[in-house]
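Structure first, then comments.
The values are calculated or read from the model by the stated rules, or taken from the named source; none is laboratory data. On a predicted model such as this, the values are computed, not experimentally measured, just so you know. Ideal geometry is used to build each Cβ from the backbone, glycine not excepted, and the neighbour counts take in all protein chains shown.
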Amino acid sequence: MTISRANIPRELKGGRKVAQKKKKKQSKKNWIQGAIKKPGALRKSLGVKKGKKIPAKKLAAAAKKPGKLGQRARLAQTFKEMRSKKEKGKA
């Protein structure tokens with residue numbers, strides 16, 4: 001008689017258990033706060049002083065670069081677009 005391995009629990013097969021990640025419930029209102037892991041990292045890497053705005057040309061140039069710098073710059077551009085759309089709706 002042959003036993004099918006499909007019906008045997010993973011613990012008995014000798015396989016490793018895969019921990020399931022628990023999803024944290026975040027409010028829909030504040031999802032952006034979770035998206036920004038290191039506030040000020042983009043500004044610091046671009047060499048812009050604290051309290052000053054990042055120039056649009058500098059941001060556009062950084063968005064074309066690969067890696068974390070490019071990712072952060074593209075996210076900043078997205079947030080900039082979202083902000084302008086929100087302000088247009090209020091006016």
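Test Lys85 against the criterion of being surrounded by fewer than 10 Cβ atoms within 10 Å (Cβ to Cβ), modelled with pLDDT under 90 and out of contact with any helix residue (DSSP H, G or I) (no Cβ under 9 Å at 6 or more places or on another chain), and give yes or no.
When the stated conditions are applied, Lys85 passes them.
Tell me, which helices (runs of 4 or more DSSP H) wholly within the range 27-91 include 2 or more residues that are over 15 Å from the mean Cα position of the chain (by Cα)?
Of the helices (runs of 4 or more DSSP H) lying wholly inside the range 27-91, those with at least 2 residues that are over 15 Å from the mean Cα position of the chain (by Cα) span 41-46, 56-63, 67-90.
In the range 41-91, what residues are small (Gly, Ala, Ser) and in contact with a Leu (Cβ under 8 Å, 6 or more places away or on another chain)?
Correct list: Ser45, Ala62, Ala73, Ala76.
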